[in-house]
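Everything on this sheet refers to the single structure shown next.
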Amino acid sequence: MAEGSGSSQGGVLCSFCSRRAVLSRRSSGLHLCREHFVQDFERRVAETVEVGGMIEEGERIAVALSGGKDSTALLLSLQGILDGRNVELVAVTVDEGIAGYRDDTITAARQLCSRVGVEQVIVSFREEFGYDLDEMVGGKRAAPCTYCGVFRKNALNRTAKLLHADRVATGHNLDDEAQTVMMNYLKGDYERLMRFRPSSARAGLVPRIKPLRDMPEKEIALYCMVSGAFFPSRECPYAYLSLRADVREMMNRLECLFPGVKRSTVDGFEKIVGQASGSGPRMGVCRQCGEPCVEGLCKACELLNGLKNG
């Protein structure tokens, strides 16, 4: 049996029917079979979308699909809750160029799109910027995740504009949100912390939405498994080099000791945001590529210039 916030052994029955439960939530004492778990999962995603005003009728949504469990659950759940509505989904897969890792997940993403009948567009770092990620980080001091994050966001935004998408949906989950808040607390990065909050539309930036932001990572993995879309893959070979890896381990340990700490971390941040004044840094236009940025040169061009200059 899988965990939501707890698990038990043996044939525990669903709280709503006589079928065997696949999930038990320690916090609520609720047990869910496969069918009721899928219904509950998609209901909660739909509620997040509805309460956040994330998707409107007639919109085209670019779904960031890496082929991992989070983006797989994102595409499947959106297709489920938007069925019958006048909303178009198109998957955007970014190939960073990580040898021995990304090829497998791209194959999984392609198979998923074929299965659900969603158009897929694949863009690569090499095509967009002239380098694979492996080439970018070879012998460099900057952490691989710095290059990857900056260039992936840039490629997603540019591709979404070319596709005339109204919004970009990403698979960030509750664990991701809590980790990001804690990372910026630890670094004392107030500006980045404020940029992390939901913001109004800004010229040149396709608005981003996070339909899975309230869903725990474990439940996302279970949703993929019971939906027959789970694709086991290795963790990114660069992941261990990031601060996030240590913060993730710390937050998981705290969650085991004090259930609900991830949720309270995010809730606490949102309370702070609610009391903060201003609308964040003013956006300008990069003098080199024309993409939105805070200063005269966007981070992508800054890193790219460093690569070109050796």
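Numerical summary
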read-out: Enumeration of residues in segment 47-93 that are touching an Asp or Glu at 6+ places or on another chain (Cβ under 6 Å) and outside any strand (DSSP E or B); value: Thr48, Glu59, Ser77, Gly80, Ile81, Asn86, Val87
read-out: Residue under evaluation Val51, criteria (1) more than 26 Å from Ser18 (Cα to Cα); (2) crowded, with 23+ Cβ neighbours inside 10 Å; (3) of a type in the set (Val, Ile, Thr), criterion not met; value: (2)
read-out: Where Val137 falls short, out of the listed (1) more than 17 Å from the chain's Cα centre (by Cα); (2) under 21 Å from Val63 (Cα atoms); (3) open to solvent by less than 40 Å² (accessible area, probe 1.4 Å); value: (2)
read-out: Selected residue (only one of Leu78, Leu82, Leu74 is of a type in the set (A, V, I, L, M), without any contact (Cβ under 8 Å) to a residue 60 or more places away in the chain and buried (at least 16 other Cβ atoms within 10 Å of the Cβ)); value: Leu82
read-out: Cross-chain or 6+ apart pairs with Cβ under 8 Å, segment 245-268 first and under 11 Å from Val181 (Cα atoms), then of a type in the set (Phe, Trp, Tyr) and open to solvent by less than 60 Å² (accessible area, probe 1.4 Å); value: none
read-out: Complete set of residues in segment 96-119 that are in contact with a strand residue (DSSP E or B) (Cβ under 7 Å, 6 or more places away or on another chain), under 16 Å from Ala62 (Cα atoms) and crowded, with 17+ Cβ neighbours inside 10 Å; value: Ala109, Cys113, Val118
read-out: Selected residue (only one of Gln275, Gln288 is modelled with pLDDT of 90 or more and polar (S, T, N, Q)); value: Gln288
read-out: Any hit, segment 281-301, residues being in a helix (DSSP H, G or I), open to solvent by 90 Å² or more (accessible area, probe 1.4 Å) and of a type outside the set (Lys, Arg); value: no
read-out: Residue within segment 100-109 that is in a strand (DSSP E or B) and small (Gly, Ala, Ser) present; value: no
read-out: Qualifying residue in segment 244-252 (condition: out of contact with any Asp or Glu (no Cβ under 8 Å at 6 or more places or on another chain), modelled with pLDDT of 85 or more, over 27 Å from Glu47 (Cα atoms) and open to solvent by less than 30 Å² (accessible area, probe 1.4 Å)); value: yes
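The values are calculated or read from the model by the stated rules, or taken from the named source; none is laboratory data. Here the structure is a predicted model, which means the values were calculated and not measured. Reconstructed Cβ throughout: ideal geometry from the backbone, glycine too, with neighbour counts over all protein chains shown. Ligands, DNA and RNA are stripped out before the accessible areas are found, and what is left, the full protein with its side chains, is counted by its heavy atoms. Shrake-Rupley method; radii C 1.70, N 1.55, O 1.52, S 1.80 Å.
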